[in-house]
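The values are calculated or read from the model by the stated rules, or taken from the named source; none is laboratory data. Treat the numbers as computed from the prediction; the structure is a model and nothing was measured. All Cβ positions, glycine included, derive from the backbone under ideal geometry; neighbour counts span all protein chains shown. With ligands, DNA and RNA removed, areas are computed over all heavy atoms of the protein, side chains included. Shrake-Rupley method; radii C 1.70, N 1.55, O 1.52, S 1.80 Å.
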Amino acid sequence: MEHALPKEELVVILGPTATGKSYCGIELAKRFHGEIISGDSMLVYRQMNIGTAKPSAEELQTVPHHLVNILPPDASYSVADFQQQAAETISAVLERGNLPILVGGTGLYIKALLEDYQFCEVEEKPKLRQQLEAFASGQGNDRLFDWLKREDPEAAARLHPNDVRRVVRALETALSGDRVSQIKQNELKYDATVFGLSMDRDFLYERINRRVDRMLEDGLEKEVCSLLKAGVPTDCLSMKSLGYRQMAEYLTGQCDFATAVENIKKGTRHFAKRQITWYKKMPYIRWFAVDRNLNYEKIVTDMADTLVKSGKRM
């Protein structure tokens, strides 16, 4: 009789944007000889630091970080790429005798890794594409975009409703079933302890607005300007993301500065709302509420106690 191999150990810290995941991940890593694996689809890009809220150079050196600064800004990167690279990194960290800690907010990436989604190349389907294009023409771009938000909120977060070609392609991919596996209850690929950070919505939105203000103070406009001058196209994946798209619209004369700033804040708040909705599909998350006193020390201690009590780490 064959015995299944024991599952690899993994700790995950996820949550909406601006909840303090990076801080908790680093603090937990310090306690358990941890190495951090980024679960954020934007941190893979070099030269995109401010708009992605990338950990500082000092933070990146405090404990080992993986899947950060691995690609040029104009490169493509998919959930399947992440799934493969993260799995390889987790194995390598464990082989060194350290604890892999996956930290990030890209729900589809994390869910695909934990639940071992099986990906296949999606063939183009001209008939389906024609139907989607006809739907957009007849019902409007916003209706098409709402459809994409229901099918694949992560893809919707990267796209603009009026970018019909890409919205159609994303819907075509989602409807063609590239994400094919659904797990049985609590059957994860890893021996995973999944922590989530939550916040009162008003407090979260305040933090998002302040974070955007800090990004502007830190030079977001200059960062995006440098990318444009370096020839990074505005229609590549990274430049379609929150903060970069809106600032590029301002820099290319499509809107004024105040409008761009407001669109970044509003877009980020909407993104956080979609993240929260996505996490509801992951019943195995253990939630920790961050209060207005920023009770991170207690949260990290409680996370550490959970790991010790589970027998995973002494």
Just a yes or no: is a residue in the range 47-55 more than 18 Å from residue 207 (Cβ to Cβ) and surrounded by fewer than 16 Cβ atoms within 10 Å (Cβ to Cβ)?
yes
Among the residues of the range 1-41, the number that are assigned to a loop (DSSP other than H, G, I, E, B), closer than 17 Å to residue 288 by Cβ and either polar (S, T, N, Q) or without any contact (Cβ under 8 Å) to a residue 40 or more places away in the chain (or both) is 2
Condition set in contact with a Phe, Trp or Tyr (Cβ under 9 Å, 6 or more places away or on another chain) and either more than 26 Å from residue 206 (Cβ to Cβ) or of a type in the set (D, E, K, R) (or both), scope the range 233-287, selection modelled with the lowest pLDDT: answer is 237
A careful count of residues in the range 42-80 that are in contact with a Lys or Arg (Cβ under 8 Å, 6 or more places away or on another chain), part of a loop (DSSP other than H, G, I, E, B) and more than 21 Å from residue 112 (Cα to Cα) gives 6
By residue number, the members of the range 84-109 that are touching a residue at least 12 places away in the same chain (Cβ under 8 Å), assigned to a helix (DSSP H, G or I) and open to solvent by 30 Å² or more (accessible area, probe 1.4 Å) are 85, 91, 94
Exception for residue 29 within (1) modelled with pLDDT under 95; (2) over 18 Å from the mean Cα position of the chain (by Cα) falls at (1)
Per the list (1) assigned to a helix (DSSP H, G or I); (2) modelled with pLDDT of 80 or more; (3) open to solvent by less than 40 Å² (accessible area, probe 1.4 Å), residue check on residue 150 breaks on (3)
Q.
Condition (residue is open to solvent by less than 50 Å² (accessible area, probe 1.4 Å), modelled with pLDDT under 95 and β-branched (Val, Ile, Thr)) applied to the range 60-67: is it met by at least one residue?
A. no
Of the residues in the range 253-272 that are in contact (Cβ under 8 Å) with a residue 40 or more places away in the chain and hydrophobic (A, V, I, L, M, F, W, C), the one that is most open to solvent (accessible area, probe 1.4 Å) is 271
For this session: For residue 122, state whether it is over 21 Å from residue 195 (Cα atoms), in contact with an Asp or Glu (Cβ under 6 Å, 6 or more places away or on another chain) and either aromatic (Phe, Trp, Tyr) or at pLDDT below 90 (or both).
Result: yes
